[in-house]
Amino acid sequence: MRIVELTEAFAAKFFAQRSSHDAAAERVASRIVADVRRGGDAALFRWSSRLDGVRLTRSTLWISRTELRAAHKNVSRELLRAIEHAARNIRRVAEQQLPRSWTINVEPGVRVGQRVTPLETIGCYIPGGRFSLFSTLLMTAIPAQVAGVKRIVVACPKASPALLAAAEILGVKEIARIGGAQAIGAFAYGTQSIQRVDKICGPGNRYVTAAKRIVSNDCAIDMPTGPTEVLILATGGEPRYIAADLLAQAEHDPDAVALLLTPSSRLAKAVAAEVAEQLQTLPKNNPAWKSLQQASVILVAPSLDTAIRFANKVAPEHLSIPHAEKSLVKNLSEAGSVFLGPWSAQPIGDYASGTNHVLPTSGWARARGGLSALDFVKCSSTQEISRAGLKRLAPVASSMARAEGLEAHARAVEVRK
């Protein structure tokens with residue numbers, strides 16, 4: 001893993017590459033989405049065969065209840081217990097996130113409230129590359145269930161027994177054998193066999209991310225969720241732990257970004273040596289081999305203040321702070337999920353602590369956090385004005401309306417006097 005000095009030139013190059021528009025992925029995704037929108041099932045099945053090697057018909061599109069039950073029966077009891085344990089924690093956290101309905105009397109005769117209602121139908125996209133990430137089903141479906149979503153539809157091109165067992169545990173019954181941009185198109189616009197959804201959630205590769213952006217004018221999405229990224233800001237710590245966390249995120253995808261940011265050249269060298277040693281124990285086809293060469297680096301900052309400013313500008317998906325001093329944490333405000341202290345291994349958050357692993361990437365953490373129960377509800381306002389309340393507020397509304405040149409607005413208030 002390369003060790004590089006954090007200079008203004010490096011930072012400028014890093015952010016320029018990060019913000020570059022993925023035009024190639026967007027062209028491909030746009031073609032696929034448009035084809036599915038026009039051609040429905042026929043186009044969906046054609047792209048599934050071409051890109052995923054899955055030959056589908058209307059009768060084989062959906063995974064059957066028999067398959068779900070069989071998977072639950074055949075998966076090891078140890079794994080079932082692990083899934084159930086993780087699901088409990090995710091549910092507990094989601095229940096804390098759920099907003100509440102309320103009403104207040106703003107002034108005499110003016111009652112205002114917030115009404116919280118769940119979305120009707122959501123589509124959960126589960127990546128199905130080397131492995132189908134069944135943990136993503138927990139992270140997307142459970143917050144939706146807590147929010148009260150009535151219908152949860154899942155897309156995964158090659159669902160593993162573990163994913164099917166997790167679906168059986170959660171009571172999720174609609175799982176389609178589809179993936180890629182074609183699944184996003186089917187969710188957004190519907191086909192003969194797939195009803196369109198109100199919102200699409202879940203991470204994916206560059207083509208899935210591009211497709212989500214494309215359909216976002218017509219169907220709500222959670223966020224653009226591209227290749228994973230981690231930034232570890234360390235003034236010290238155990239090099240073995242830091243190296244292991246870098247490798248854990250690097251193995252997600254060849255395009256994954258794993259960064260160690262430190263003012264200590266000694267720590268940088270120790271971690272680089274540990275990464276090299278631990279990498280040798282991973283299979284040669286593990287994506288970490290490529291991601292560490294292509295997009296990952298150890299950055300030595302001239303000062304801790306410089307490191308903090310750079311970290312906040314990166315706004316990483318995962319931010320790890322092995323030495324979690326209060327003053328340091330206070331100054332680090334931009335991240336999707338923060339891991340504090342030496343024992344907070346990132347895979348704990350990926351699976352079991354209850355926090356969500358569907359997180360903003362590419363700097364989106366400056367604007368929002370990870371997926372939560374909030375993503376599956378609508379908070380709409382209500383107002384009830386009495387005659388006395390109208391009398392109090394009519395002069396205010398009329399004056400403001402006329403100042404904006406909206407005469408009909410003023411009259412709609414005054415006609416009620």
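The values are calculated or read from the model by the stated rules, or taken from the named source; none is laboratory data. Note that this is a predicted model, so its numbers are computed, not measured. Positions of Cβ are generated from backbone atoms using ideal geometry, with glycine treated the same way; all protein chains shown enter the neighbour counts. Heads up: the accessible areas ignore ligands, DNA and RNA and are worked out on the full protein's heavy atoms, side chains in. Shrake-Rupley method; radii C 1.70, N 1.55, O 1.52, S 1.80 Å.
A simple rule links phi to the HN-Hα coupling: the Karplus curve 6.51 cos²θ - 1.76 cosθ + 1.60 with θ = phi - 60°, which for the range 287-293 gives x, 4, 4, 7, 5, 6, 7 Hz, with x for Gly and Pro.
Amide H contacts for Ile175 (H built 1.01 Å from N in the peptide plane; partners 5 or more residues away or on another chain; cut-off under 5 Å): Ile63, Val154.
Counting only protein heavy atoms and a probe of 1.4 Å, the accessible surface of the chain is 52% carbon and sulfur. What the Cα convex hull of the range 225-265 gives, in volume per residue, is 69 Å³. Applying the Karplus relation 6.51 cos²θ - 1.76 cosθ + 1.60 with θ = phi - 60° to the range 112-118 yields 3J(HN,Hα) values of 10, x, 10, 10, 9, 10, x Hz, where x marks Gly and Pro. Take the chain with all the other protein chains still there, run a 1.4 Å probe, and you get 49 Å² of accessible area per residue. Using C-alpha pairs under 8 Å with a sequence gap of at least 6, the mean separation divided by the residue count of the chain gives a relative contact order of 20 percent. Taking only alpha carbon atoms, the range 240-399 gives an Rg to Rh ratio of 1.21, where Rh is the Kirkwood radius.
Once the Cβ-Cβ distance of Gln195 and Val112 is raised to the sixth power relative to R0 = 41 Å, the FRET efficiency obtained is 0.70.
Applying a DSSP loop filter and a limit of 15 other Cβ atoms within 10 Å to the GluC sites (Glu not before Pro) in the range 257-325 leaves Glu325.
Output the direction-averaged projected area (hull surface divided by four) of the convex hull of the alpha-carbon atoms of the range 56-95, in nm².
Mean projected area of the Cα convex hull: 4.2 nm².
Compactness of the range 79-189 is given as radius of gyration and Dmax, 17.5, 62 Å, from Cα positions.
Distant-in-sequence amide contacts of Ile232, defined by a placed amide H-H separation under 5 Å and a gap of 5 or more residues or a different chain, comprise Leu259, Leu260, Leu261, Ser320.
For the range 308-417, report the convex hull volume of the alpha-carbon atoms normalised per residue, in Å³, without decimals. Present the calculation step by step, with values, prior to reporting the outcome.
Numbers: hull volume 22.8 nm³, N = 110.
Considering the Cα atoms of the range 308-417, their hull volume per residue is 208 Å³.
The range 345-417 and the range 75-135 have Cα centres spaced 20 Å apart. The label point for Glu407 and the one for Ile104, both projected 7 Å from the Cα toward the Cβ, are 3.7 nm apart.
Calculated over the range 79-144, the projected area of the Cα convex hull averaged across directions stands at 6.3 nm². Of interest is the spacing of the C-alpha centroids, which for the range 243-268 and the range 194-224 amounts to 29 Å. With each label modelled as a point 7 angstrom along the Cα→C-beta vector, the Ser327-Arg55 pair spans 6.8 nm. I'm spelling it out carefully: the read-out is semi-axes √(5λ) of the Cα gyration tensor in Å, the candidates are [x] 38, 27, 18; [y] 40, 32, 22; [z] 29, 27, 22, and one was derived from this structure. Which label? Derived directly from the coordinates: [y]. With the convex hull drawn around the C-alpha atoms of the range 184-248, the volume per residue stands at 104 Å³. Over all pairs of different C-alpha atoms, the range 1-73 has a mean inverse distance whose reciprocal, the Kirkwood radius, equals 16.6 Å. Scanning residues 5 or more positions from Ser193 or on other chains, those with amide H under 5 Å from its amide H are Asp41, with H placed 1.01 Å from N in the peptide plane. Can you give the FRET efficiency for Ser264 and His85, using 1/(1 + (r/R0)^6), R0 = 41 Å, r = Cβ-Cβ distance, to the nearest 0.05? It comes out at approximately 0.65.
In order along the range 232-244, phi translates into HN-Hα couplings of 9, 9, 10, 8, x, x, 7, x, 4, 5, 5, 4, 5 Hz, rounded to whole numbers, per the Karplus curve 6.51 cos²θ - 1.76 cosθ + 1.60 with θ = phi - 60° and x for Gly and Pro.
Surface listing: Ser48, Ser64 arranged by accessible area from highest to lowest gives Ser64, Ser48, probe 1.4 Å. The Rg/Rh ratio for the range 198-331 is 1.04, where Rg is the radius of gyration of the alpha carbons and Rh is the Kirkwood radius.
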